[in-house]
Amino acid sequence: MKWLRISTAVTGLLACTYILVQIAPHARYSAAILAAQDDPAALSELRLDALLTANPSLVPDNIEAALAAGDADLANSFVELARERNIALPDSLLTRVNDAVRDENSTTHFAKRFATGLVTGNADDVASLSGTVAGDLFVFGDVRDVVREGKHLAMGEETDHLILGLATAGLAVTAATYISVGGATPVRAGLSLVKDARKVGRLGEGLAAWAGRSAREVVDTPALQKAVASGSVFRPGESVSAIKAAFRAEKAGGLVRLGKDVTRVAEKTGTRGALDTLRIADGPKDVARAARLAEAQGGKTRAIMKLLGRGALLLVTGAFNFTMWLLGAAFTLLGLLSSIKATTERLTQSWCDRRRRRRQRQAQADAAETALAGAAVTA
């Protein structure tokens, strides 16, 4: 019975030790993730470590995919990530990326994309964004969008209130840009990017819903309907004054902050990086996190968001699973300590019992000897 109790304690000790060895790496990773959940840069680094350790070929595979899709900027972002993490890439692949980047940045390509952004108001790279912002700064782009969507609204047709609100806010910001001699240009560029992301369907559903509500708040609908009734993209001067009267500046704080954060992302990652952010963002807080990530990771940000998605910004799966790993490790450690205590107590008790029995046998032997000696003397 005694040895059964000891073997049970030792078995528990060995089992807890084995389980703890298996759980410890997951628990350590979970603790690091939970500690970094409010720091997008640290969070993305931890997740990249796990992802690239499991599959080192992800970087060259994504470079090939980006080149095949004609996205030299994304391919170059993966090259920067590979360089930072000491991932070896074939020289032929690096040459192809450099050639693609050079072609994308050529004067001819830039001029063509600038003109496209200026005329259509759609942007997907630096050149077309420059054209879009130029058009919006000269009020052509925003007036065009307000007049088009405003007339849809006046006629009871389907209206994109987000485009309408962003364009209306853009006109007010443009006026502030002129007054401050360019001081509000970052906000202006950010609002243009949000508007363009909406046009090409690259605005996340949650962010679009939030921005739509915010855009409705900044627009005085009756005043705007009256303004666009006689507005025209060919008479921007007359149209702007009337449209600005329908803008509620006191309600535009959220959109202005969004514009600033989008511009912070674009400054570090380029236009396509900002559009990638707007696509995965579920709200303005995600964009603010992306801005912090971009400022920490720079040109690698597009590659990171391509690999991790929204998981680069926050714990998209929640903290429950990570907490369970920590609790599992804590309970296993408690079991291990209990097993150590039980094993120690039972071994100590066994040793004490053996000594007590030894002393008893010795005492009995001594008594027997004494009795024999007494009997001998009596005889």
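The values are calculated or read from the model by the stated rules, or taken from the named source; none is laboratory data. Quantities reported herein were computed from a predicted structural model and do not represent experimental measurements. Cβ: placed from backbone, ideal geometry, glycine included. Neighbour counts: every protein chain shown. With ligands, DNA and RNA removed, areas are computed over all heavy atoms of the protein, side chains included. Shrake-Rupley method; radii C 1.70, N 1.55, O 1.52, S 1.80 Å.
For first residues located in region 337-349 and loosely packed, with under 13 Cβ neighbours inside 10 Å, partners that are at pLDDT 75 or above and part of a helix (DSSP H, G or I) and lie 6+ apart or on another chain with Cβ distances below 7 Å do not occur.
Annotation note: of K260, K244, the sole residue that is basic (K, R) and at pLDDT below 65 is K244.
Of the numbered conditions (1) open to solvent by less than 20 Å² (accessible area, probe 1.4 Å); (2) at pLDDT 85 or above; (3) in contact with a Leu (Cβ under 8 Å, 6 or more places away or on another chain), N62 satisfies every one except a single condition; which is it? Here N62 meets the rest and fails (1). Pairs are defined by a Cβ separation below 6 Å, a sequence spacing of at least 6 or placement on different chains, a first member in region 22-37 that is over 14 Å from D49 (Cβ atoms), and a second member that is open to solvent by less than 40 Å² (accessible area, probe 1.4 Å) and modelled with pLDDT of 75 or more; the pairs so defined are I23/T332.
For region 301-328, the candidate set comprises residues that are open to solvent by less than 30 Å² (accessible area, probe 1.4 Å) and modelled with pLDDT of 90 or more; within that set, the residue that is farthest from L46 (Cα to Cα) is R302.
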